[in-house]
Amino acid sequence: MKAKTKAPLLAFLAVLLVVATVFVTMAFLTAEDTVVNTFTVGKVSISLDEEDVDDSTPTAARDQANKYHLIPGTTYKKDPVIHVAADSEDCWLFVKVENGLADVLASSLDDQMKTNGWALLTGTTDVWYQTAAASAEDDVKVFESFTIKGEATYLAKYANAEITVTAYAVQKDGFAAPAEAWSATFGTPPAETNG
């Protein structure tokens, strides 16, 4: 009887040995690989300033607010500059100029802006655009000065008038045209004012 129980036991052990060998072989025939993705986030960064013509910031050459004493026939330095940070993405630059002195200026600010590469955004009279590349820090001039008409006799009513310049930047990637970038970001073009 011992011979009869040994044979099935030996057969069972043989099968167990084969199964164990197959599992060990399967363990050695595996592979593994990994892909790691690192994500960064782009940004658009600008600042806007102009020369400190009224010495209101004695420790800095640039300022964000100047006061002017208006005299007919006089030219005033006003040179708003948009600074695009070096690590910014390519972007559409927009500038809105609200000119409360338009009626008493000897010439429009528009000509200076065109010379500096600005184009008027379709459907507006006071929003201008151009493109800034991300390759290096850009300083983008808006305009340089304004001149009061020599025959401006009613300057008193302009005592509290302002020229307000507001800069905007929108990533260029994803927008084929400036109007598309403006509309997607800010909605319809802003209310029109004097240019």
Would it be correct to say that ASP173 is farther than 12 Å from TRP92 by Cβ and among the charged types (D, E, K, R)? no
When you scan the stretch 72-148 for strands (runs of 3 or more DSSP E) that lie fully inside it, which ones turn up with 3 or more residues that are within 23 Å of the chain's Cα centre (by Cα), among the aliphatic types (A, V, I, L, M) and surrounded by 15 or more Cβ atoms within 10 Å (Cβ to Cβ)? 81-84, 91-99
Looking at the stretch 152-190 only, could you name the residues that are surrounded by 14 or more Cβ atoms within 10 Å (Cβ to Cβ), in contact with a Leu (Cβ under 9 Å, 6 or more places away or on another chain) and among the aliphatic types (A, V, I, L, M)? ALA152, LEU155, ALA161, ILE163, VAL165, ALA167, ALA169, VAL170, ALA179
When restricted to ASP49, ASP33, the only residue surrounded by 14 or more Cβ atoms within 10 Å (Cβ to Cβ), of a type in the set (Asp, Glu) and either over 30 Å from VAL104 (Cβ atoms) or at pLDDT 80 or above (or both) is ASP49
Kindly evaluate LYS96 against the criterion of being farther than 22 Å from ALA179 by Cα and either among the basic types (Lys, Arg) or free of Cβ contacts under 8 Å to residues at least 24 places away in the same chain (or both). no
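The values are calculated or read from the model by the stated rules, or taken from the named source; none is laboratory data. What you are looking at is a predicted structure, and each value in this text was computed from that prediction instead of being measured. Neighbour counts run over all protein chains shown; Cβ positions are idealised from the backbone, glycine included.
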